[in-house]
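One structure is given here, and the rest of the page talks about it.
The values are calculated or read from the model by the stated rules, or taken from the named source; none is laboratory data. What you are looking at is a predicted structure, and each value in this text was computed from that prediction instead of being measured. No Cβ is skipped: glycine too gets one built from the backbone with ideal geometry, and neighbour counts run over all protein chains shown. Side chains included, ligands, DNA and RNA excluded: accessible areas come from the protein's heavy atoms. Shrake-Rupley method; radii C 1.70, N 1.55, O 1.52, S 1.80 Å.
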Amino acid sequence: MVDPTSDLEEDVDEESAPRCASCGDPALGVGRRTVTWVDGDDAVHRHFCSQACREAWTDERPSADG
């Protein structure tokens, strides 16, 4: 898998691209979105192939309210 913190250039193929957390398609191209947060000592990433899939995602991040 491609490093999720790097820029995904055009030469990344669909097989090695991260998968969309909503629909499972490759998260590539200019419409790609990524949500990142810290959970303990780990960085957690959720990739999306489009803004629509990002908006459809059921947010699993811990609430800032505690």
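Matching residues to (1) in contact with an Asp or Glu (Cβ under 7 Å, 6 or more places away or on another chain); (2) small (G, A, S); (3) under 18 Å from D13 (Cβ atoms):
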| residue | (1), (2), (3) |
| --- | --- |
| P26 | yes, no, yes |
| G31 | no, yes, yes |
| T34 | no, no, no |
| D39 | no, no, no |
| A43 | no, yes, no |
| H47 | no, no, yes |
| Q51 | no, no, no |
| A56 | no, yes, no |
| E60 | no, no, no |
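Within the stretch 11-41, the set of residues being open to solvent by 60 Å² or more (accessible area, probe 1.4 Å), outside any strand (DSSP E or B) and in contact with a helix residue (DSSP H, G or I) (Cβ under 7 Å, 6 or more places away or on another chain) comprises C23 only.
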